[in-house]
Amino acid sequence: TLFGKNASAGVINIVSKPIQQGVERYVDLSFADGRERRLRAGISGELSQGVAASLNLMSAEWDGNVDNKYLNRKVNGYDRQGGRVKFEIATGKDAKLTLIGDYTKGDDTGVRGPFVRGGAAQLAMIAPIVAGPENREVSTDVNERVNDKNTGLSAQLDWKWGGNAMTWISAWREWKNTQFQDIDGTAPVPQSNQIAQLSDRGDLKSKVFSQELRLASPKGAFFDYVLGAYYMNNQTDETYRRDVVRCNGTLPALANGLTPCAALLNDFGRAEYGTESKSASLFGEGVFNFSKDLRGVLGLRYTEDELTYYHSRVSTAAAAIPGVQPNRPYATATTKEHGTSGRIGPQFDLTPNVGVYATFSKGYKGPAYNAFFNMQPNQEVALAPEKSDSFELGLKSTLLDNRMRFNVAIFDAKYKGYQANFPDLVGGVVVTRFINAGDVSTKGAEIDMEAKLSKQFTVSAALAKTKARVDRFNCPAGATCLPSGIPLPSAPDKKAVVRANWWTNVGNGLRLDMGADYTYSSAIQFDLSTSTNTIQPSYGIFNANVSLGNPSAGWRVSVIGKNLD
């Protein structure tokens, strides 16, 4: 209800800590194997009467954990820097203005994983690298990398008006991204007829502007409410070029089965495409306080979406070649949709510290166009909105004089017109189609608890059992159809975690902390497909840490071990 059209499955709401009185400073420096280095630092406090500010900086580097044997360098690493500045300004007795600006840049190396398995030609092209689950080597002739820049500005004005709380938020964000990819994943040693060499460069720029106005009633009346209006404009533009090197005639086959090229053909395709999304909505949610222990929640949001795409492509080849479709003249189209979302349900306090609730929610995710490099005229149809119906029943409790927290949730959600990426083989190249995949559902139960067994010893645990499945797959024309009943991506049937932390004072103001956690996950399918290449078998991960510090002096040194088992 309160978070908009893309919150059809819920949201994680992250709120930064308000600036405290006095001066606060911190430095967090870490080193890990693989030459990983991270630095975070910040300072906050009052600049003058009614004006407070904070500054946070970060830097992180990692060489990577994959060796590119052809280029003789480490890949799959990163180099990132960024900063965030925040001002809180008291503009009156009952008003405050918050200004935030942030900037991050990143240079990541490598956007593909090593071969676990492959066809005969692929295996011959990467030799002497041996494909397998433990392989951490690649052989590509393209310096694969991703360059990222992310900038954001926001202004939030909060003020009191007749006992009500008013909030106005204006925000702007820009994202620039450049990717260099080796699509075939091999190096020409020599160029063979079996595998064409495909290299890509994509330059993307996205800008988002949003406005939100909210009115919240005073607390404590029979009816508490929040009313608001929201507007967003998102403009995304991309230029994508693919170069293709292939055989023009062949030579006799080599001993490894590859057929070398007698001469080479060099072609390319270049596409320009993008979308503009405009979304406006009105929303409201109220809590009916029927009694001290019984409440009812009712929320409703109405959204109108307008989405436009454009696309054009030029190619040096008159007909389709591996990975590149022929010329396509400039095309554009617009779609408009509207949707209603919201929730309703009771909340009842069994005791002051134990509450139960039941909720029925309707979700809405707006329309989409699958604008991409090889887009064809028959792919101009807009994706319909994704809609969901969800039931949830739960209990939240704080027990044993606030020494234990115990929560349970049972849920059942059904999605119509599920929008998902679907990998498909087109012209010998795996492409990702964004489609209305059909009807899917997810149901299950979650339990989480935390117990303070003593002043120094805390344990926590969580368990989730989920059945997330494709109930009916909507097979695109010309695609490989998927059977019903396959798992949804990134949704293991079972997941559990247990954590423990113990501390003790060791004298001279020093404190020793020891912690450990174990996470278990059943098998995960990372793609909307039946490919065994994208299945992660069940696994368990054990982490542990030991820290020694002086809380009053404000320092701590930690030794951290991850993936120990």
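The values are calculated or read from the model by the stated rules, or taken from the named source; none is laboratory data. Please read all numbers here as calculations on a predicted model, not as lab measurements. In this analysis, Cβ positions are derived from the backbone assuming ideal geometry, glycine residues included, and neighbour counts consider all displayed protein chains. Only protein heavy atoms, including side chains, enter the accessible area calculation; ligands, DNA and RNA are left aside. Shrake-Rupley method; radii C 1.70, N 1.55, O 1.52, S 1.80 Å.
Considering only Phe406, Pro385, Gln419, and ranking their Cα positions along the charge dipole of segment 377-429 that arises from unit charges at the beta-carbon of Lys, Arg, Asp and Glu, the one farthest toward the positive end is Phe406.
A simple rule links phi to the HN-Hα coupling: the Karplus curve 6.51 cos²θ - 1.76 cosθ + 1.60 with θ = phi - 60°, which for segment 388-401 gives 9, 10, 9, 10, 9, 10, x, 9, 10, 8, 10, 10, 6, 6 Hz, with x for Gly and Pro. Of the solvent-accessible surface of segment 441-550, computed with a 1.4 Å probe and all protein chains present, 57% belongs to carbon and sulfur.
One Cα centroid belongs to segment 1-45, the other to segment 101-163; the line between them spans 21 Å. With the simple model of a label 7 Å out from the Cα in the direction of the Cβ, Lys416 to Phe360 spans 1.5 nm.
Over segment 286-339, the alpha carbon radius of gyration divided by the compact-protein estimate 2.2 N^0.38 Å works out to 2.51. What separates the Cα centres of segment 491-565 and segment 345-411 is a distance of 27 Å.
Considering all C-alpha pairs of segment 163-226, those separated by over 20 Å amount to 64%.
So, R0 is 60 Å and r is the distance between the beta-carbons of Tyr330 and Thr351; what FRET efficiency does that work out to, to 0.05? The pair Tyr330/Thr351 has a calculated efficiency of 0.35. Rg and Dmax over the alpha-carbon atoms of segment 252-382 stand at 27.2, 87 Å. The apolar share of the surface of segment 295-395, taken as the fraction of accessible area on carbon and sulfur atoms (1.4 Å probe, ligands and nucleic acids excluded), comes to 60 percent. Rounded to the nearest 20, the size of the Cβ-charge dipole of segment 442-565 about its Cα centre is 200 debye, with Lys and Arg at +1 and Asp and Glu at -1. Among the listed pairs Lys443/Lys562; Lys5/Lys494; Lys443/Lys495; Lys467/Lys495; Lys17/Lys362, a Cα-Cα separation exceeding 23 Å is found for Lys443/Lys562; Lys5/Lys494; Lys17/Lys362.
Potential lengthening of the chain between Asp424 and Ala171 amounts to 87.4 nm, from the contour at 0.36 nm per residue minus the alpha-carbon distance.
Under the combined filter of DSSP loop state and at most 16 neighbouring Cβ atoms within 10 Å, segment 285-372 retains these trypsin sites (Lys or Arg not before Pro): Lys292.
Note on Lys396/Asn164: beta-carbon distance plugged into 1/(1 + (r/R0)^6) with R0 of 30 Å gives a FRET efficiency of 0.60.
Taking each residue as 0.36 nm, the span from Lys278 to Ala477 lengthens on full extension beyond its C-alpha to C-alpha distance by 68.7 nm. Filter the trypsin sites (Lys or Arg not before Pro) in segment 446-496 down to the DSSP loop ones having no more than 16 other Cβ atoms within 10 Å, then list what survives. Sparse-neighbourhood loop trypsin sites (Lys or Arg not before Pro): Lys455. Compute the label zone of Tyr231 within segment 281-321: residues whose backbone N is under 20 Å from the point 7 Å along Cα-to-Cβ. Residues 281-284, 301-308 fall inside that zone. Computed extension length for Lys149-Ser291: 46.0 nm, one decimal, from 0.36 nm per residue of separation with the Cα-Cα distance subtracted. Computed over segment 220-286, the P(r) tail beyond 13 angstrom holds 80 percent of alpha carbon pairs. Using the Cα coordinates of segment 323-417, the gyration tensor eigenvalues translate into equivalent-ellipsoid semi-axes of 47, 15, 9 Å, sorted from longest to shortest. Evaluate the Debye formula for segment 468-565 with equal point scatterers sitting on the alpha carbons, no solvent, and hand back log10 of I(q)/I(0) at q = 0.10, 0.11, 0.17, 0.25 Å⁻¹, in q order, two decimals. Once normalised to I(0) and log-transformed, intensities are -0.50, -0.55, -0.82, -1.21.
The residues of segment 91-136 have, on average, 56 Å² of accessible surface per residue, using a 1.4 Å probe with all protein chains present.
The sum of -39500 (n - 2.57) across all DSSP H runs of n ≥ 4, divided by the residue count of the chain, sets its helix-only mean residue ellipticity at 222 nm to -500 deg cm²/dmol.
Measuring how big segment 362-464 is from its alpha-carbon positions, Rg and Dmax come out at 21.8, 66 Å.
Calculated on the alpha-carbon coordinates, the convex hull of the chain measures out at 179 cubic angstrom per residue. Positive end of the dipole of segment 306-457 (Cβ unit charges, origin at the Cα centre): among Thr316, Met375, Ala445, the Cα lying farthest that way belongs to Thr316. Cross-link reach is defined here as a Cα-Cα straight distance under 21 Å, omitting same-chain residues fewer than 8 places apart; for Lys205 the lysines meeting it are Lys105, Lys149, Lys176, Lys278. What translational D, rounded to a whole number of µm²/s, comes out for segment 33-172 from Stokes-Einstein when the hydrodynamic radius is the Kirkwood one over Cα pairs, at 4 °C and 1.567 mPa s? Using the Kirkwood radius from Cα pairs, D works out to 68 µm²/s.
Exposed loop sites are taken as chymotrypsin sites (Phe, Trp or Tyr not before Pro) in a DSSP loop (any state but H, G, I, E or B) with at most 15 other beta carbon atoms within 10 Å; the longest stretch of the chain without one runs 291-525.
The mean accessible area for residues of segment 417-565, using a 1.4 Å probe and ignoring ligands and nucleic acids, is 57 Å² per residue.
Annotation: segment 9-77 has a Kirkwood hydrodynamic radius of 15.6 angstrom, from the mean reciprocal C-alpha pair distance.
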